[in-house]
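Student: Below you'll find the structure I mean.
The values are calculated or read from the model by the stated rules, or taken from the named source; none is laboratory data. This is a predicted model, so every value here is computed, not measured. Cβ coordinates were reconstructed from backbone atoms using ideal geometry, including for glycine residues, and neighbour counts include every protein chain displayed. Protein only, heavy atoms only, side chains kept; ligands, DNA and RNA dropped before computing areas. Shrake-Rupley method; radii C 1.70, N 1.55, O 1.52, S 1.80 Å.
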Amino acid sequence: MNQALGIFRALADSTRLRILALLRAMELSVGELAQVLGQSQPRVSRHVKILCDAGLAERRKEGSWVFVALGEGGRTEPVFAALDAWREPNHWAVADEARLAAVRADRASAANEWFEDHAGDWDAIRSLHVAESEVEAAMGRVLGEGSLGSLIDIGTGTGRMLELFAPRAEQALGIDRSSEMLRLARAKLVDVANAELRQADLYALPLPDGGADTAILHHVLHFAQQPGAAIAEAARVLGPGGRLLIADFAPHEREELRSKDAHARLGFSDEQILGWFEAQGLAPVLIETLEGGELTVKLWLGRKTGQETGKVKAA
């Protein structure tokens with residue numbers, strides 16, 4: 001009874017109903033909600049707090065921004081079912097949808113501007129190895145054609161892996177430490193309904209043990225100061241039979257990438273990756289080499305057996 005009363009109290013305000021409708025369309029920052037609603041951020045924050053207290057929404061802080069998403073489905077789905085059954089003409093909904101389209105356009109514009117500013121850096125690295133389209137095609141072949149179940153993209157960056165593979169997953173989560181990267185990913189993923197983004201560390205993933213079926217580390221491991229620990233954390237969140245796919249570089253001698261592009265490791269050997277796999281109960285399934293350019297890209301696929309040793313082998 002107390003839960004029901006809290007939910008009905010939270011719904012007893014037109015602004016909060018509008019906020020729920022907006023969150024149903026996409027995750028938004030408090031500032032973006034204020035922009036769409038035409039209200040001050042403090043006022044919107046108070047409405048958001050009431051919705052969060054009722055379990056109808058949840059907040060996540062990313063840098064100086066606070067993002068708001070719908071609460072868990074057990075509470076929100078009955079609410080939306082009732083609202084859909086009682087649907088009636090609503091001038092606020094039409095106006096909100098128009099302003100929400102403007103928010104989407106602002107995100108896309110910001111993303112394009114960022115990429116234009118950094119295009120030279122991205123192109124310089126990509127020119128050193130096989131075309132990224134070939135890497136992505138190979139990853140698709142390695143993962144096969146079946147469902148990916150619950151997918152986590154670790155170090156999602158601009159969300160490209162989620163754009164490719166979330167449609168094949170029941171649910172998909174992208175994590176990254178960079179709030180700027182996550183804003184770019186949100187601009188890219190506005191039409192990917194089952195993709196969620198969170199700010200988190202690759203050494204402390206926001207999932208319980210065994211909470212994922214598929215994990216991806218795409219060009220992330222060479223930035224990691226502790227790649228073995230990153231693999232251990234990815235293995236932790238995989239359930240029995242879950243798969244970890246790593247795409248990264250084979251060993252190379254491009255020392256300037258350390259200082260210029262913050263690469264902590266100059267590639268990985270099969271022995272290193274397979275040693276970390278073994279230590280975390282990941283049976284090697286496939287290794288693929290993609291040559292073409294000064295840097296060789298490797299794909300390593302491991303499957304969770306549940307026979308972890310609890311040790312992380314040093315590089």
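Student: Read through the list (1) out of contact with any Asp or Glu (no Cβ under 7 Å at 6 or more places or on another chain); (2) modelled with pLDDT of 95 or more; (3) assigned to a helix (DSSP H, G or I); (4) not β-branched (Val, Ile, Thr), then give the number of the only condition that Leu162 fails.
Tutor: All conditions are met except number (1).
Student: Pull out all pairs, ordered by first then second residue, where Cβ-Cβ is under 7 Å, the residues are six or more apart or on different chains, the first lies in the stretch 92-109 and is in contact (Cβ under 8 Å) with a residue 60 or more places away in the chain and over 12 Å from Arg183 (Cα atoms), and the second is open to solvent by 30 Å² or more (accessible area, probe 1.4 Å) and of a type in the set (Gly, Ala, Ser).
Tutor: Filtered contacts from the stretch 92-109: Ala93/Ala21; Asp96/Ala21; Leu100/Ala25.
Student: Leu173 versus (1) in a loop (DSSP other than H, G, I, E, B); (2) buried (at least 23 other Cβ atoms within 10 Å of the Cβ): which is the lone unmet condition?
Tutor: The number of the failed condition is (1).
Student: Taking the stretch 186-231 only, how many residues are in contact with a Leu (Cβ under 8 Å, 6 or more places away or on another chain), of a type in the set (S, T, N, Q), open to solvent by 30 Å² or more (accessible area, probe 1.4 Å) and within 24 Å of Val135 (Cβ to Cβ)?
Tutor: 0
Student: Here's another thing I want to ask about it. Considering each of Ala105, Ala81, Ala137, Ala111 in turn, give the residue that is open to solvent by 40 Å² or more (accessible area, probe 1.4 Å) and modelled with pLDDT under 85. Before you say what the answer is, go through the steps one by one.
Tutor: Numbers: Ala81 fails: modelled with pLDDT under 85; Ala137 fails: modelled with pLDDT under 85; Ala111 fails: open to solvent by 40 Å² or more (accessible area, probe 1.4 Å).
Only one candidate passes the filter, namely Ala105.
Student: Take the stretch 262-285 and flag every residue that is out of contact with any helix residue (DSSP H, G or I) (no Cβ under 6 Å at 6 or more places or on another chain) and assigned to a strand (DSSP E or B).
Tutor: Once the filter is applied, which keeps residues that are out of contact with any helix residue (DSSP H, G or I) (no Cβ under 6 Å at 6 or more places or on another chain) and assigned to a strand (DSSP E or B), the stretch 262-285 yields Ala283, Val285.
Student: I've got another one for you. Within the stretch 187-205, which residues are assigned to a loop (DSSP other than H, G, I, E, B) and in contact (Cβ under 8 Å) with a residue 40 or more places away in the chain? Break it down into steps so the answer makes sense when it comes.
Tutor: If we filter the stretch 187-205 for residues that are assigned to a loop (DSSP other than H, G, I, E, B), which is where we start, we get 189-194, 200, 202-203, 205.
Hits for the stretch 187-205 are Val190, Leu202, Leu205.
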